[in-house]
Amino acid sequence: MLDVKLAKSKMENEEGMNHLWIQLLHDEKAQSQKSEIQIQLPKGISRSNNLNGFVENERGHIVVDDHDQDVIIEIFTQDAIQCGEMTIVVSLLTPETTVSSEISIQVVEEEEMDRVEIDEQVVERIKELSNAAPPYDAGTDIVSIRPRILEKRDNEFSYLEKKYRVDY
């Protein structure tokens, strides 16, 4: 039911970045229903909101409505963390079941990043997502502010303005 891939086989231990691609595979027996994706990251690795624009609830779970979808998440390190192999756990929570999948990520020093393997399929999916138009959000209000237009008018003090005005 879950397929999890990383864009890069390794990630820098300090200010490193990677992308996690989670694919929800359709199960013939399962009915279409709301599900949540829970992501447990190792200590020191953080994540941004999902790049697909799905709703994230107060627990930090990503809410998906249907199967055969994918979710892309940017993961990163801000401060230096210990190098080594770490495990990311992704769980799909439905009302009936919980399915988990694990993926290992190698956290390395900057010098070791030259031997990184890149998953082109994940990179292509990220490019598709970044080139797609952002989804319409009915809750977003567009505010239009007209700029002020200054006019020069003649009035009783305009001769003073003309006499003493300093243009920078």
Does any residue in region 40-63 that is buried (at least 16 other Cβ atoms within 10 Å of the Cβ) come within less than 6 Å, Cβ to Cβ, of a residue that is at pLDDT below 90 and of a type in the set (F, W, Y) six or more places away or on a different chain, and which pairs are these? I62/F54
For region 72-83, which residues satisfy the criterion of being under 17 Å from N50 (Cβ atoms) and open to solvent by 40 Å² or more (accessible area, probe 1.4 Å)? E74, F76
Of the residues in region 83-100, those that are farther than 20 Å from L20 by Cα and either modelled with pLDDT of 90 or more or within 21 Å of the chain's Cα centre (by Cα) (or both) come to none
If I ask for residues that are surrounded by 14 or more Cβ atoms within 10 Å (Cβ to Cβ) and either of a type in the set (V, I, T) or in contact with a helix residue (DSSP H, G or I) (Cβ under 9 Å, 6 or more places away or on another chain) (or both), which ones from region 84-104 would you list? I88, V89, V90, T94, V99, I103
Region 129-143, subset exposed (fewer than 10 other Cβ atoms within 10 Å of the Cβ) and modelled with pLDDT of 70 or more, residue farthest from K8 (Cα to Cα): V143
Which numbered condition trips up Q33, out of (1) modelled with pLDDT under 90; (2) open to solvent by 80 Å² or more (accessible area, probe 1.4 Å)? (2)
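The values are calculated or read from the model by the stated rules, or taken from the named source; none is laboratory data. Owing to the predicted nature of the structure, the values given are computational and were not obtained by experimental measurement. All Cβ positions, glycine included, derive from the backbone under ideal geometry; neighbour counts span all protein chains shown. SASA here: full protein model, heavy atoms, side chains in, ligands and nucleic acids out. Shrake-Rupley method; radii C 1.70, N 1.55, O 1.52, S 1.80 Å.
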